[in-house]
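Asks: What follows is a structure written as structure tokens; I'll ask about it next.
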Amino acid sequence: MYITTTIPYVNARPHLGHALELVQADVLARHHRRRGEPVRFQTGTDDNSLKNVLAAEAAGVPVRELVDRNAAAFEGLRGPLDLSFDSFIRTSAHPGHRAGVERIWEATGHDLYQRHYEGLYCVGCEQFYPEGPCPDGHEAPLQRVSEQNWFFRLSRYQDALSELVRSGRLRIEPVVRRNEVLAFIEAGLDDISVSRSAARARGWGIPVPGDPDQVVYVWWDALANYVTALEGDDYDRWWVSERRKVHLMGKGVIRFHAVYWPAMLLSAGRPLPTGIFVHDYLTVDGRKISKSAGDAADPVALVDAYGVDAVRWWLLREVPRVGDADFTEERLVARADEDLANGLGNLVNRVVTMVHRFLDGHVPPAGEELAAVPVDEALAAFDFRRAAVAAWALVEEANRYVERTRPWQQPRAGQEAALGTLVHACRTLAVQLEPFLPTAAARVAAAVAGERLPRPEPLFRRLAGSGVAG
Ligand SMILES: [Zn+2]
């Protein structure tokens, strides 16, 4: 399975919304690897956005410096968030990207033509609108732009795109997003501008082949990353032969991924992606995430304060499949203390303690098997919250089993059967939780490893009272 996230523009450092998408993609990648399937998990940064240029001008630093610094902060999420991506592409630095964009441009040449264009451009969205203000809420006034641009004959692909989505060959989840895409396609597609003047782009971006006064529209450039990062054998393996190619993204960029991108590929005679998984947005303390949210929305600061398990668990267990979710540190702490410290931590600690007290640490054979709920179906539907709840069912079942069997009141044979069952359940949990909580799962596995268990140690500290705010 080839799994990609979108590549964010790097006008600022990463925030919790980026962490959400990366952690979701990471769960998918780990889940499928655990089942023995070949996986390539790719993320990266969109360095060529005009937004990056404007942010650098505002900060008074060279564009290259700002882009390099912020892109490094995105790549640097790997350690703190326990991410397992296989490849990280930067569109201004990856050696094959520019040539790859040029190849797609040339392969779509039969659908490209020049036209004079006048419109209102939102730099925040990097797209044109018929009138202001920006429907996405960007406050800067739209710029009136009048120039000669290259256009792509998107209108030719209306029927093909509609069929692609209706047939499920391009699966869009959740279904509410699929219906939005179909409504957009079937309302009629206009040709789109796919270049802008190099002067307006301050010379930043990829020049149009054969027309150096224009640069390739940044969305075209960015979308191409899903194939330009793959070269030679990797392209054949992951884009031509691979059966499942899924793009993860936020709801604001579906049109680009479910309409423009497949049309570009159809025009270029290239294979298509097979799945588009869309998440909604996070708010922080009831407000849209912005730079002013500070540490409350900084994933690295949150990991420093609360640990990676607590941050990942909040993102997976609390964010619904459809509908925005509001993050607060209080909610993160409450969820982590209830589930990680009380639910899982307590279970493992009680089991290990009893094995030492009653059986001198020796692990007996399991008396019975406690049923684990599979997570496959929920993950196949891109429902991370349902998957997290399913994975957690065994924690709850094992805690109920302790209360029901009361091993401390049993004769020796009953203690052995019950504790064997519980150690086995903890080992199953370590495997089942690995995609969601790799660090915690490794600690659980170590706590119940071997014929004779190590001495019990607390797995999680309680978080109430700690925090970013002190
Ligand atoms: Zn906008």
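Asks: Among the residues of the stretch 1-28, how many are in a strand (DSSP E or B) and over 10 Å from the mean Cα position of the chain (by Cα)?
Replies: 2
Asks: If Ser84 satisfies every condition in (1) modelled with pLDDT of 95 or more; (2) assigned to a helix (DSSP H, G or I); (3) of a type in the set (Gly, Ala, Ser) but one, which is the exception?
Replies: (2)
Asks: Consider Ala398 carefully, then state whether it is touching a Pro at 6+ places or on another chain (Cβ under 8 Å), in a helix (DSSP H, G or I) and of a type outside the set (Lys, Arg).
Replies: Here the answer is no, as Ala398 does not meet what is asked.
Asks: Taking Arg40 as the residue in question, decide whether it is modelled with pLDDT of 95 or more, of a type in the set (D, E, K, R) and surrounded by 22 or more Cβ atoms within 10 Å (Cβ to Cβ).
Replies: Criteria not met by Arg40.
Asks: Identify all residues within the stretch 386-401 that are in contact with a Leu (Cβ under 7 Å, 6 or more places away or on another chain) and not hydroxyl-bearing (Ser, Thr, Tyr); write none if there are none.
Replies: Residues of the stretch 386-401 in contact with a Leu (Cβ under 7 Å, 6 or more places away or on another chain): 387-388, 391, 394-395, 397-399, 401.
Answer for the stretch 386-401, where residues must be in contact with a Leu (Cβ under 7 Å, 6 or more places away or on another chain) and not hydroxyl-bearing (Ser, Thr, Tyr): Ala387, Ala388, Ala391, Leu394, Val395, Glu397, Ala398, Asn399.
Asks: Tell me, which residue of the stretch 89-103 that is surrounded by 12 or more Cβ atoms within 10 Å (Cβ to Cβ) and in a loop (DSSP other than H, G, I, E, B) is nearest to the ligand (Cβ to nearest atom)?
Replies: Here the answer is Thr91.
Asks: Are there any pairs with C-beta distances below 6 angstrom linking a residue in the stretch 364-384 that is in a helix (DSSP H, G or I) to a residue that is of a type in the set (A, V, I, L, M), with the two at least 6 apart or on different chains, and if so which?
Replies: Ala378/Ala387; Ala378/Ala390; Leu379/Ala387; Phe384/Leu316
Conditions tested, residue by residue: (1) touching a Ser or Thr at 6+ places or on another chain (Cβ under 7 Å); (2) of a type in the set (Lys, Arg).
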{"residue": "Arg166", "(1), (2)": "no, yes"}
{"residue": "Leu170", "(1), (2)": "yes, no"}
{"residue": "Ala201", "(1), (2)": "no, no"}
{"residue": "Asp211", "(1), (2)": "no, no"}
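Asks: Give the number of residues within the stretch 104-122 that are surrounded by 17 or more Cβ atoms within 10 Å (Cβ to Cβ), outside any strand (DSSP E or B) and not hydrophobic (A, V, I, L, M, F, W, C).
Replies: Selection size over the stretch 104-122: 2.
Asks: Right, next: Could we say that Val284 is closer than 30 Å to Tyr235 by Cβ and either touching a residue at least 40 places away in the same chain (Cβ under 8 Å) or among the hydrophobic types (A, V, I, L, M, F, W, C) (or both) here? Spell out how you get there, then give the answer.
Replies: On the way: closer than 30 Å to Tyr235 by Cβ: no; either touching a residue at least 40 places away in the same chain (Cβ under 8 Å) or among the hydrophobic types (A, V, I, L, M, F, W, C) (or both): yes.
Judged against the criteria, Val284 is not a match.
Asks: Provide a single number: the residues in the stretch 113-157 that are more than 13 Å from the ligand (Cβ to nearest atom) and touching a helix residue (DSSP H, G or I) at 6+ places or on another chain (Cβ under 6 Å).
Replies: Here the count works out to 4.
Asks: I need every pair where a residue in the stretch 124-150 that is in a loop (DSSP other than H, G, I, E, B) has its Cβ under 6 Å from the Cβ of a residue that is within 13 Å of the ligand (Cβ to nearest atom) and aliphatic (A, V, I, L, M), sequence separation at least 6 or different chains.
Replies: Hits for this filter: Gly132/Leu120; Gly132/Leu142; Leu142/Leu120.
The values are calculated or read from the model by the stated rules, or taken from the named source; none is laboratory data. Here the structure is a predicted model, which means the values were calculated and not measured. Here the Cβ is made from the backbone with ideal geometry for all residues, glycine too, and neighbour counts use every protein chain on show.
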